[in-house]
Amino acid sequence: MIPKNMAGLKSMRTMSDQFNKEECIENVRKALGLKSLEELPHYDTINNFLSGLDVKELETIRTYMIKELLKKRCFESFRIEGKYWGVIIDGTGLHTFHEKHCDHCLRRMYTNKETGEKTVLYMHHVLEAKLVVGDMVFSIGSEFIENESEDVTKQDCELKAFNRLAKKIKQTFKRLPICILGDSLYACESVFKIYNDHKWKYLCRFKEGRIKSIFSEFKSIKELEHNQKNGGIFFVNDIAYNERKVNLIELLWKWKMAKRENMYL
Ligand SMILES: [Zn+2]
């Protein structure tokens, strides 16, 4: 898959055809440090091999690649404030089924408003941590969001998976200065505690309803200082929340004739 995408090929079949040329086989032989290589395997053979491979083996290769990239210091200019590496956290749907697929499927029930008929959707999701370097992102950690068994009372969710993913990232990149970039789901006490425990910085989107006390303090200060508003930016520092203090910034801008409004913690 990786060489296929690197070569801009659209399908695995074209890869099998295009790569099985003498000079390509010779290049792959050199890259792999082999004495001889007769031909490249068919993509079905590669897929068969990958499906039997322990996920941990692939994670080890990924970690090696990322650490090598960081060691080469070619992305230094993308550090936030010259120090922190931005890491985006985001959940993605992988598969959806109309019938039970396995014991680990996440389930969501839908009710048809007209008929009242209930249907269950079975899903598999993954939570990804991606290192941000300019316009590129590199996956540095993955955690599947899935139920331990079919009869769990509370299903697995993105925040529970984040707890597990954060432990993995901390274990793998112990001293890497990280700034987590997340959506407003990540603006909550349990996640702030994880950031603190791991000594990570964070920047996340904020929505009014996520933590009401923070928003109401922000709103009242904004109303008081309305006349001093500086263009489309307004921020309040040191808003008290539990044992910590947070900064909230609001940005307003016009984009393609539409007004956008975003808040970040
Ligand atoms: Zn399943």
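Look at region 242-265 and say how many of its residues are crowded, with 16+ Cβ neighbours inside 10 Å and either part of a loop (DSSP other than H, G, I, E, B) or of a type outside the set (A, V, I, L, M) (or both). Explain how you work it out, then say what you get.
Taking region 242-265 first, the residues crowded, with 16+ Cβ neighbours inside 10 Å are 246, 248-250, 263-265.
With the extra rule that they be either part of a loop (DSSP other than H, G, I, E, B) or of a type outside the set (A, V, I, L, M) (or both), the set shrinks to 250, 264-265.
Number satisfying all stated conditions: 3.
Answer with yes or no whether HIS104 is within 16 Å of the ligand (Cβ to nearest atom), modelled with pLDDT of 95 or more, not in a strand (DSSP E or B) and not hydrophobic (A, V, I, L, M, F, W, C).
Details: within 16 Å of the ligand (Cβ to nearest atom): yes; modelled with pLDDT of 95 or more: yes; not in a strand (DSSP E or B): yes; not hydrophobic (A, V, I, L, M, F, W, C): yes.
The answer is yes for HIS104.
Any residue in region 212-237 that's closer than 18 Å to SER184 by Cα and part of a loop (DSSP other than H, G, I, E, B): show its pairings with residues that are of a type in the set (Gly, Ala, Ser) and modelled with pLDDT of 85 or more at Cβ separation under 8 Å, as long as the two are six or more apart or on different chains.
Partner pairs satisfying both residue conditions: none exist.
Which of the residues spanning region 149-178 are within 19 Å of the chain's Cα centre (by Cα) and part of a loop (DSSP other than H, G, I, E, B)? Show your work before the answer.
Kept after step one, since they are within 19 Å of the chain's Cα centre (by Cα), are these residues of region 149-178: 156-174, 176-178.
Correct list: ASP156, CYS157, PHE173, LYS174, LEU176, PRO177.
Could we say that ILE180 is under 29 Å from GLU208 (Cα atoms), within 16 Å of the ligand (Cβ to nearest atom) and either aromatic (Phe, Trp, Tyr) or modelled with pLDDT of 95 or more (or both) here?
On the way: under 29 Å from GLU208 (Cα atoms): yes; within 16 Å of the ligand (Cβ to nearest atom): no; either aromatic (Phe, Trp, Tyr) or modelled with pLDDT of 95 or more (or both): yes.
Criteria not met by ILE180.
Of the residues LYS154, LYS219, which single one is surrounded by fewer than 19 Cβ atoms within 10 Å (Cβ to Cβ) and not assigned by TED's automatic domain parsing to the domain that holds MET263?
Working: LYS219 fails: not assigned by TED's automatic domain parsing to the domain that holds MET263.
Only one candidate qualifies: LYS154.
When ASP103 is evaluated against the numbered criteria (1) surrounded by 11 or more Cβ atoms within 10 Å (Cβ to Cβ); (2) in contact with a strand residue (DSSP E or B) (Cβ under 9 Å, 6 or more places away or on another chain), which criterion, by number, is the only one it fails?
The failed condition is (2).
Filtering region 27-61 down to residues that are in a loop (DSSP other than H, G, I, E, B) and free of Cβ contacts under 8 Å to residues at least 12 places away in the same chain, which residue is nearest to MET15 (Cα to Cα)? If you could, list the steps in order and put the result at the bottom.
Step one: list which residues in region 27-61 are in a loop (DSSP other than H, G, I, E, B), which gives 33-42, 53-54.
Narrowing further to those that are free of Cβ contacts under 8 Å to residues at least 12 places away in the same chain: 33-36, 41, 53-54.
Details: GLY33: 21, LEU34: 21, LYS35: 23, SER36: 21, PRO41: 10, LEU53: 21, ASP54: 24 Å.
Taking the candidates together, the pick is PRO41.
Within region 1-40, track down each residue that is exposed (fewer than 13 other Cβ atoms within 10 Å of the Cβ) and within 21 Å of LEU58 (Cβ to Cβ).
Hits for region 1-40 are MET1, ILE2, ASN5, MET6, ALA7, ALA31, LEU32, GLY33, LEU34.
For residues that are at pLDDT 90 or above and assigned to a loop (DSSP other than H, G, I, E, B), scanning just region 62-75, find the one that is nearest to the ligand (Cβ to nearest atom).
In the first step, residues of region 62-75 are kept if they are at pLDDT 90 or above; the result is 62-73, 75.
After this cut, where a residue has to be assigned to a loop (DSSP other than H, G, I, E, B) as well, the list is 72-73, 75.
Working: LYS72: 39, ARG73: 42, PHE75: 37 Å.
Ranking the qualifying residues of region 62-75, first place goes to PHE75.
Counting just the residues of region 116-148 that are of a type in the set (Phe, Trp, Tyr) and within 13 Å of the ligand (Cβ to nearest atom), which one comes out nearest to the chain's Cα centre (by Cα)? Outline the logic, then answer.
Narrowing region 116-148 to residues of a type in the set (Phe, Trp, Tyr): 122, 138, 144.
Within this subset, residues satisfying the condition of being within 13 Å of the ligand (Cβ to nearest atom) are 122, 144.
On the way: TYR122: 22, PHE144: 11 Å.
If we take residues in region 116-148 being of a type in the set (Phe, Trp, Tyr) and within 13 Å of the ligand (Cβ to nearest atom), then PHE144 is nearest to the chain's Cα centre (by Cα).
Residue check: is GLN228 outside the structural domain of LEU265 (by TED's automatic domain parsing) and either within 23 Å of ALA129 (Cα to Cα) or at pLDDT below 95 (or both)?
no
From the list PHE97, PHE78, which one is touching a residue at least 40 places away in the same chain (Cβ under 8 Å) and either within 16 Å of the ligand (Cβ to nearest atom) or more than 26 Å from ILE25 (Cα to Cα) (or both)? Spell out the reasoning first.
Values: PHE97 fails: touching a residue at least 40 places away in the same chain (Cβ under 8 Å).
Sole residue among the options that is touching a residue at least 40 places away in the same chain (Cβ under 8 Å) and either within 16 Å of the ligand (Cβ to nearest atom) or more than 26 Å from ILE25 (Cα to Cα) (or both): PHE78.
Check LYS174 against each of (1) under 22 Å from GLU59 (Cβ atoms); (2) crowded, with 16+ Cβ neighbours inside 10 Å and name the one condition it does not meet.
(2)
The values are calculated or read from the model by the stated rules, or taken from the named source; none is laboratory data. Since the structure is predicted, the reported quantities are computational estimates derived from the model, not experimental observations. In this analysis, Cβ positions are derived from the backbone assuming ideal geometry, glycine residues included, and neighbour counts consider all displayed protein chains.
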